[in-house]
Amino acid sequence: METITVQNRPIRVLRFDALVIGTGCAGYNAADSLHALGVTHIAILTEGVNMGTSRNTGSDKQTYYKLSLCSDSADSVYELAQNLFSGGSVNGDTALAEAAGSVRAFMKLVSLGVPFPTNAFGEYVGYKTDHDPKQRATSCGPLTSKRMTECLEQSVLSKGIPIFDGMQAVKLLTAEGRVLGVLAIDQSRLSPSDWGLTLFLAPRVIMATGGPAILYENSVYPESQTGMTGMALEAGAVGCNLQEWQYGLASTAFRWNVSGTYQQVLPRYIAVDKEGNEREFLPDYFPTPAAALDCVFLKGYQWPFDAAKVPGSSLIDLIVHHEIFHKGCRVYLDYTQNPKGLEQGFSSLSPEAYGYLERSGALFGAPIDRLRHMNPQAIRLYASHGIFLEREPLEISVCAQHNNGGLDVDCHWQTSLSGLYVAGEAAGTFGVTRPGGSALNSTQAGSFRAAEHISLAPPAAPPKVEEALPQLEEFLKSLSLLWASGEAQSLPLRRKVQHQMSEAAAHVRSPEKLRPLLTLCEEEYHHFFEHTRLSSPAELPQALKTRDMLCTACAVLSAMLCSASRCGSRGSALVLSPTGTPAHDKLPDYTFFPEDRSYRASCLLSHLEAGRFVSRFHPVRPLPKTEDWFETVWQEYNRLHGIE
């Protein structure tokens, strides 16, 4: 290790052949795969080993989506790729790569000890999830991604790959369209004389920093997950479909999706007004209580808000939003009593709901009894966080859960910057809709593709400190402004933007509110160093995180405005119109633009242009239809891998 001085500040310098940022499913698999493929002079940089979405999130039974591996369920790689591609605004080559890598990635996890269940004959049975025609989904419980992360971590540790914990990546360094490395802050070294600056020089960088969860106030992301998408966008990487998100019902005291069994056991939905008056409200919005219950049941596997399901199961989300934001109520799920519509038993349910509960042996008792019978882990999960569903209601809201967009990548998960790869949720590979659980498959297939591409590429010239000096000089001059006189702090600004994003730029979007919010974010991003003041270096990491949020918000809002004007309501976004199609006769505030589906054949790309983000539609790359001759493929494979 060496130390250089820039603007009278010490910067430690480390050199590697490849660097991975992040310690979730994607980051660990990227590092593990690089090492297994022969790229061993590598390191992992992480803000916190135990932070991030992979280790701290889940649902009733968190889903992993894969190629069908059970019984006579007819399936193929190409059919899976078609299903991923058909979600709209998805590039065909990444869809095919995710489908092709599905079995390999899944079986690696099995071999590492992730306990995906099998039947008596060893078949990996599946179930149906949202946007899934094949029952490809599997799970090892509410904490599937945590189990994956822990098993991958053990594999990484067994290989001796160094992990730099407590390091916050703050700036990507580039030269002539290629990556030089990453500037990070070592949070253990923050002092007036040492800002903890550490320069990781590496010609290949795999970002596995997760989605930009920091953008929203109403969020089911764990509080430790923030993302660093802005760092790549600022460096010149292109964003893809940044406007496409998933929002859905989640608990708020403990952030968790209330999907799957949490809905299929048919809890009561109750609202409590400011005076403390309680009422069961769903029957007020439906022609019969049974119709309301059918929509609640469907929320189990149609959990994400979907503009195409209005009217339909996504009315539940709009009704909850209406009760909270327009009526000023707090909304809860109550598992202690049966809802209206079940007074005379279960016969009034739809055949689908009745059949599901019947096959599950759950046509009895209160919702908590059905939940205990079908999924006791779902109850224990909340109990472990001091929430006891058998005796107290569960407060919920409609929350941001997943960014279907991200940074634009090719079929090797490389961005528009040479040497910068992105895997996991930070990569924009999902499009408008996606099968539930496909994100976990993408963390594994995408990170392996990136590692394999790096391992097969000719060795890159090691970056030199001198190449990075101009950017370091400029950045440290900006940092010095943060300690000028004044009291403006970054956290109140962050909370202000988060609140407005949840209000105007989530599942219900109003262009009239998006435009001034974009103006605010642009102003604060461009003048962040002049407007923000810190009292000590300890505040520096959070300040730069707020700045990264502002950069990301500018790109996301640019994409949202472009999509709203061209596409209308689609995916998890209802775009409001002064006049339009009523969402529901008892929700008069919601009139919306219908979708122009022709834009599903395009991706929306966003990039910095003269200091502002510009968003434009580009045709998707088509789904490749391979007709490979084995002998030819074999020869090419041997050539690429140096096999004689």
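Here is how the numbers come out for the structure above:
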quantity	calculated
Heavy-atom SASA rank of 305, 16 (probe 1.4 Å, accessible area, largest first)	16, 305
Accessible-area value, residue 483, 1.4 Å probe, nucleic acids and ligands omitted, Å²	80 Å²
Dipole of segment 49-96, positive end: most advanced residue of 70, 83, 56 [Cβ charges, Cα centre]	56
Among 475, 463, 439 the positive-end extreme of the charge dipole of segment 438-571 (Cβ point charges)	439
Nearest-20 debye value, the chain charge dipole, Cβ charges on Lys, Arg, Asp, Glu	280 debye
Only Lys, Arg (+1) and Asp, Glu (-1) charged, at Cβ; segment 93-134 dipole about Cα centre in debye	160 debye
Estimated translational D of the chain in µm²/s (Stokes, Kirkwood radius over Cα pairs; 10 °C; 1.306 mPa s)	62 µm²/s
Principal axis dimensions, largest first and in whole angstrom, of segment 160-251 by Cα	44, 33, 32
Local net charge near residue 188, Cβ-Cβ under 14 Å (Lys/Arg +1, Asp/Glu -1)	-2
Probe 1.4 Å - accessible area at residue 295, Å² to nearest ten	20 Å²
With every protein chain in place, the chain: carbon and sulfur % of accessible area (1.4 Å)	52 percent
Accessible-area value, residue 159, 1.4 Å probe, nucleic acids and ligands omitted, Å²	70 Å²
Accessible area in square angstrom per residue, the chain, 1.4 angstrom probe	38 Å²
Considering only segment 1-74, percent of DSSP beta bridges that pair antiparallel, nearest 5	55 percent
Estimated distance in nm for a label pair at residue 477 and residue 49, the labels positioned 7 Å out from Cα along Cα-to-Cβ	4.0 nm
Counted charge near residue 422, where neighbours are those whose Cβ lies closer than 13 Å (Asp, Glu -1; Lys, Arg +1)	-1
Which listed pairs, of 61/496; 61/274; 66/545; 274/340; 66/496, have C-alpha distances above 31 Å, in listed order	61/496; 61/274; 66/545; 66/496
For the chain, share of DSSP beta bridges that run antiparallel, in % to the nearest 5	75 percent
Contour minus Cα-Cα distance for residue 535 and residue 363 (0.36 nm per residue)	55.8 nm
Charge context of residue 49, other residues only, Cβ under 14 angstrom, K/R +1, D/E -1	-2
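The values are calculated or read from the model by the stated rules, or taken from the named source; none is laboratory data. These figures come from a predicted structure and were not determined experimentally. Counting neighbours? That spans all protein chains shown, and the Cβs are built from the backbone with ideal geometry, glycine included. The accessibility values were calculated without ligands, DNA or RNA, using every heavy atom of the protein model including side chains. Shrake-Rupley method; radii C 1.70, N 1.55, O 1.52, S 1.80 Å.
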